[in-house]
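First comes the structure, then the notes that go with it.
The values are calculated or read from the model by the stated rules, or taken from the named source; none is laboratory data. Only a predicted model underlies this, so the values are computations on that prediction, with no experimental measurement involved. Here the Cβ is made from the backbone with ideal geometry for all residues, glycine too, and neighbour counts use every protein chain on show.
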Amino acid sequence: MNTQTPRYVSRLLPLCALGLSGAASAAQILNVGDMSSSYNRNIWYMSIAVIIMAILIFAGVSYALFYTVNKFREDKHTGEPDQFHGNNRLEQLLIGVPVIIVTIITLLAAHTMAIVNPTPKDALHVNVTGAQFWWAFEYPDSKLAAGTGTVVNGNELVVPAGRQIAITVTAKDVIHAFWAPNLGGQRDAIPGSKKTFQIDTDRPGVYQGNCSVLCGASHANMRFKVVALPTEQYNTFISAAQSYKAPAPQNASEQNGYTIFNQGKASAGAAPCSSCHRVQGTPAAGQVGPDMSFFGSRNTLGAGIWEGKDREAHIKPWIQHCAAVKPGCLMPPYLKLSDQDLTDLEAYILSLKLPDNAAYWGKVPVR
Ligand code: CUA
């Protein structure tokens, strides 16, 4: 017999190891067992109760099996066993016990649903809209100090820790799904439909979120961050956001960026960015793409696919031709803009910053 490891096994093993380590590192970020969320805690308590019941049933059935096999072993009983037909007590037991078990599980599930499903009166409401391939987070109760409209942020959801967040989710184009596992449940984002559910966490931090329904070429690149701030810091953020006016351009570069952003550049065939993007406190009021008001205070680009330094390295290639760096990106290419114009646009959008005390990155650890 050939005792050598078959070649396909030796090839598959490293792949399996890679898969396991990938799952382990992903588990550090996306964790449905994160007990700092009351939503996750309630689901976990129910799961534990059901798991304990399952273990008891498994033990009971195993015991009965081994008892029967042992008691009626062939070497103990040479003749045919007693023959009988029907046993009412046994049949009642076989029907009664499963009915009791299923009833207990149903009551447990109903109890948990009654806790996690209703929207608490003091919940913070956030309207979430999924689109190919990014997220809009709107705060319907936070009206802008100047004029009409409410606070909106793109791809970064800022919330207070220790409070229930009522997420009302919908979609612009195809079906997406909102999922921030460390903070609780998941819901499909369906065009024309609005669903409200709760997420929460007791522990301030930056958490990872993802779209969780296959929605096109960049489904895997449709990420977002949830930044859970201590209540006071959240209040500082939201009131600064309500009264925010984009800072005026400070130098020639930012000024040129501002002009291209709001008027485009006909000689380079570039349409104004403002026809799709909003910047609070400027004429830019577009609703098609992500809100750019606090772009300079954000830490991510491309719906969470680049962060920090990586993000800065990708801003110019992104403006030039975003579909080349993120498949399926719908922003039209700006291939004829000069490198200087791209630099100026980058300088302008990076200047769009919240006041330092209201900026939310770096104030809480990444979980
Ligand atoms: Cu949006 Cu997957």
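Results, tabulated for the structure shown:
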item	result
Only one of Val128, Val174 that is within 16 Å of the ligand (Cβ to nearest atom), surrounded by 14 or more Cβ atoms within 10 Å (Cβ to Cβ) and not in a strand (DSSP E or B)	Val174
Matching residues, the stretch 207-218, being within 9 Å of the ligand (Cβ to nearest atom), within 16 Å of Gln186 (Cα to Cα) and in contact (Cβ under 8 Å) with a residue 24 or more places away in the chain	Asn210, Cys211, Ser212, Val213, Cys215
Members of the stretch 283-308 that are among the hydroxyl-bearing types (Ser, Thr, Tyr) and not in a loop (DSSP other than H, G, I, E, B)	Ser297, Thr300
Selected residue (criterion: surrounded by the most Cβ atoms within 10 Å (Cβ to Cβ)) from residues of the stretch 181-206 that are away from the ligand (no atom under 14 Å from the Cβ) and hydrophobic (A, V, I, L, M, F, W, C)	Ile199
Residue in the stretch 328-338 that is surrounded by 15 or more Cβ atoms within 10 Å (Cβ to Cβ), touching a residue at least 24 places away in the same chain (Cβ under 8 Å) and in contact with an Asp or Glu (Cβ under 6 Å, 6 or more places away or on another chain) present	no
Failed item in (1) under 21 Å from Pro355 (Cβ atoms); (2) crowded, with 19+ Cβ neighbours inside 10 Å, with Ser274 passing the rest	(1)
Test: residue in the stretch 330-348 that is more than 27 Å from Phe178 (Cβ to Cβ), hydroxyl-bearing (Ser, Thr, Tyr) and part of a helix (DSSP H, G or I)	yes
Verdict on Val158 being in the same structural domain as Val206 (by TED's automatic domain parsing), away from the ligand (no atom under 16 Å from the Cβ), farther than 21 Å from Gly33 by Cα and touching an Asp or Glu at 6+ places or on another chain (Cβ under 6 Å)	no
Flag for Gln280 being more than 16 Å from the ligand (Cβ to nearest atom), under 25 Å from Ile165 (Cα atoms), in a loop (DSSP other than H, G, I, E, B) and free of Cβ contacts under 8 Å to residues at least 12 places away in the same chain	no
Lone qualifier among Ala59, Ala49 - being assigned to a helix (DSSP H, G or I) and under 30 Å from Gly162 (Cα atoms)	Ala49
Number of positions in the stretch 310-325 that are in contact (Cβ under 8 Å) with a residue 24 or more places away in the chain and farther than 15 Å from Arg298 by Cβ	2
Subset tally (residues that are more than 15 Å from the ligand (Cβ to nearest atom), part of a helix (DSSP H, G or I) and out of contact with any Gly (no Cβ under 8 Å at 6 or more places or on another chain)) for the stretch 219-233	2
Check on Asn153, under 30 Å from Ala284 (Cα atoms), part of a strand (DSSP E or B) and more than 16 Å from the ligand (Cβ to nearest atom)	yes
Test: residue in the stretch 251-269 that is assigned by TED's automatic domain parsing to the domain that holds Ala145 and at positive phi	yes
